Structure formats: C-alpha cells, structure tokens
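What follows is a single structure, written as structure tokens, with notes after it.
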Amino acid sequence: MPDTSMSFRLSARQEEFRQTAEKFARDELRAVAVECESTGAPVSAATRRRMGELGFLGVNIPEEYGGLGVGKVDALIVLEELAKISPASAFPVFESNCGPTQTILYAAPEWLKKKVLPQVCSGDYMVSVAMSEPDTGTAMTDLTTRAERKGDKLVINGTKRWCSGAGYSEGYVLYCRLEDKPGGAGVGAVFFEKDTPGVSFGRPERFMGVHGFHNAEIYLDNVEIPVENIIVPAGGVSDLMQTFNMERLGNATCSLGIAASALEVALEYTQERTQFGKPLVDFQAVQLRLAEMKVDVDATRLLIHRAAVEAGDGLPTMMDTSVAKCFANEAVRRVVANGMQVMGACGYSSDYPMEQKVRDSWVWGIGGGHIDMQKTNIASDLVGRRFSQR
C-alpha cells in the first residue's frame, strides 16, 4: 500500500543512502564522468561492480534476488545524486533501478529473475531495452521485428535503433511482434543475451550530450532463443508500458539531477563572480533567475517522489509518471538556460560545467516518451479515453 504519511523529509535511512551516493559521486564518479565525457565510452566493468558493492544496483530489487529490497524513492535518491555528476555515468544505476531490469522483476518468469537479477545487483551483468526501430519510434504498435515460433524455439529477425547499452549490456529486453495480429495485439517482449548467434551491433551513436550513454542499433538475423524466454506474450503491450513507467521516473530523475547540479553551480558562481564592485547575486535580475531554478528543482523532485510513493509495492501509474516526466523534461531545460544566462560567457564555455549540463539536458524530453506524448497521455487519463494518433 502507498505510504500516506505525507512527510516531505527524507527518513534516516534515505538520508544515509543520499549521503553515501553523494560521497561516491564526489570522490569516485567525478573522474569516471570526465573520462566518459572525453572518450564517449561507457563506465567500466570495475566501476559497475563498485556500484554493485555499494548496493546502488539493487536498491528496489527484493533481497531474494540479491537486492536491498527497499523503496522506489530510495532508488531515485541514489540516481539523482549520481546524475548530478553525469547521467551517462549513472547509466547502470538507471537501468537496474528504473529500466528494463524492472520489466524482468515485474513480468518475467521466475527462472529468468533468478538468473539475471542477482548478477545485475552485483554489477556483473546489465540489462538494456530494445524498443524503437528505424521506422518506428513512439508507435510501439507498429513494430516489425518478429519472433516466430518454431517448435520450442523463437526465431527473431529485425533491426532495433536508439538502444541505450547496445553492445555494452549483457542482456536485452526486446519488444517485438510475436503473432500475426494487427497493432498491439501481436506485440510482446522476449529476452536474449549479447553473445547469442545472429546478434550484432552497429556503431555507437554520436550525440550532442550524455557522452558515455552508449547507444547503437541492434541487428537480429535468425536469432534463436528458447520459447521460455518470452517475458510478456503477444497482446501484452499495455503490461509492457506499465513496467516502462519506472523507466520514465528514472528519466525524470536524470533531468532532476542535471537541474539540481546546475542550480548548485550557478549559486556558487554568482556569489564568487563580481561586477560593478559587487557579487552577481546582489543583482535582482540574477536573484529572480536563481529563484526560478529553485522552484523548478523542488517541484520536479516532489512530482517524482509522489509518483514513487503512490506506487507502493506496485508500479507507478501512467498519469503520475507522465506528469512527473513532462514537468521534469521541460523544467531541466529552463533551469540550465537560466544557469547559462547568469554565468554569461562562462556558462557557454566548455571550461565550465554548465555547458555540458545544457547539452545533457535535452535528450530526456525525447527519449522514454516524447514530452508531447506525455501530454497526450495526461489528457487521455483526464477524459477517460485514448486518442487515436492515426
């Protein structure tokens, strides 16, 4: 059941998590983030295992599967602190606590949970999602990648695009067509591993920001997997979208981490930098921008945590996650814009941290469900019916 105490303060346990994550981010992740930014490479296996040692990769995964078994808010608190340094460097934590690992936790058969989840929690294994295709992004019901049943096997053919972790992660949750039924009636999800024959990967995408957020195409050429690898059968696309709500909260939290750190950078800069004989923060125009940044950061955090608390032991609702994600994705763009403005030329210079935060801020309103689609979801829930996009 949801916690209805309405407390807006972190518990002692949550504050301990936050401080532990903050210390790791400051002392260990900062150097990793610099390397990811300069090379575009994802975090190393050693860093991932270190995250596992600290419990960051299984915060909201039950103890029986190797996790800590505590709440969703705790997991999002950890993710926020790491995303303040770099959301790309926080990617393993994002995927385990909010991404396709959660689809396995809530929807996969028991044998798959026991095989994958303990390895995820230790940092020895990461799971990514393969959803979009070259001609299919938001329209999940139009997927053409096919998993055809042949006896006790599934034979998969198709191409996936915009797959975060492709070629880096060990396991994949694949959204595909399992039956020759129109639209979502034929769509489900299966699990395959990186080294399965017939699986190959394209070159890493080159993005404006989030360097180190490894993304590439996946090519599936007569890939054979056991029928038992079906996670969600044909017609279960609504179930897939429900598990994907946790991913949207993770997306929103990455926006939050960027925004919160941008506010910290702007506060420090405007108190140190002087013009006309006084600190920038003494000018009212700067004060107003800083105040707007604070309002956006706090409102974003409250909406994210509300969605997580309301979910209880289940999954967040579409309405709560759409509201949180939509606001977070737009708020982070406002926050970094204000931060860059109060820092002037230094905010635009790559010698200062704000420039990277501006570049890193934009992707979240595109991935995980476009901002405008979140607004359509919100309107649909308000009136009690879905709107056809065709």
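The values are calculated or read from the model by the stated rules, or taken from the named source; none is laboratory data. Remember, predicted model here, so these are calculated numbers, not experimental data. Every residue, glycine among them, receives a Cβ derived from its backbone with ideal geometry; neighbour counts consider all protein chains shown. Protein only, heavy atoms only, side chains kept; ligands, DNA and RNA dropped before computing areas. Shrake-Rupley method; radii C 1.70, N 1.55, O 1.52, S 1.80 Å.
Number of residues in the stretch 78-112 that are in contact (Cβ under 8 Å) with a residue 24 or more places away in the chain, farther than 25 Å from VAL335 by Cα, open to solvent by 30 Å² or more (accessible area, probe 1.4 Å) and not small (Gly, Ala, Ser): the value is 3. Hey, can you tell me all the residues within the stretch 308-323 that are within 18 Å of PRO62 (Cβ to Cβ) and either among the hydroxyl-bearing types (Ser, Thr, Tyr) or over 16 Å from the mean Cα position of the chain (by Cα) (or both)? Within the stretch 308-323, ALA311, GLY312, ASP313, GLY314 meet the criteria. Looking only at residues in the stretch 208-228 that are assigned to a strand (DSSP E or B) and of a type in the set (D, E, K, R), the one that is surrounded by the most Cβ atoms within 10 Å (Cβ to Cβ) is GLU217. Limited to the stretch 370-390, what total is found for residues that are under 19 Å from MET208 (Cα atoms) and in contact (Cβ under 8 Å) with a residue 60 or more places away in the chain? Qualifying residue count for the region: 1. Regarding the stretch 353-362, can at least one residue be identified that is within 22 Å of GLY183 (Cα to Cα), of a type in the set (Val, Ile, Thr) and open to solvent by 30 Å² or more (accessible area, probe 1.4 Å)? Taking every residue of the stretch 353-362 in turn, none turns out to be within 22 Å of GLY183 (Cα to Cα), of a type in the set (Val, Ile, Thr) and open to solvent by 30 Å² or more (accessible area, probe 1.4 Å). Between SER200, SER238, the distinction of being outside any loop (DSSP other than H, G, I, E, B), open to solvent by 30 Å² or more (accessible area, probe 1.4 Å), among the small types (Gly, Ala, Ser) and at pLDDT 95 or above belongs to SER200 only. Applying the condition of being under 17 Å from ASN245 (Cβ atoms) and aliphatic (A, V, I, L, M) to the stretch 337-378 and asking which residue is farthest from the chain's Cα centre (by Cα) yields ILE378.
Filtering the stretch 128-164 to residues that are touching a helix residue (DSSP H, G or I) at 6+ places or on another chain (Cβ under 6 Å) and of a type in the set (Asp, Glu) leaves only ASP152. Out of ALA337, ALA291, ALA331, ALA285, one residue alone is in a helix (DSSP H, G or I), more than 18 Å from GLU264 (Cβ to Cβ) and of a type in the set (A, V, I, L, M). It is ALA285. Applying the set (1) touching a residue at least 12 places away in the same chain (Cβ under 8 Å); (2) open to solvent by 10 Å² or more (accessible area, probe 1.4 Å); (3) in a helix (DSSP H, G or I); (4) of a type outside the set (Phe, Trp, Tyr) to ALA75 leaves exactly one unmet item: (2).
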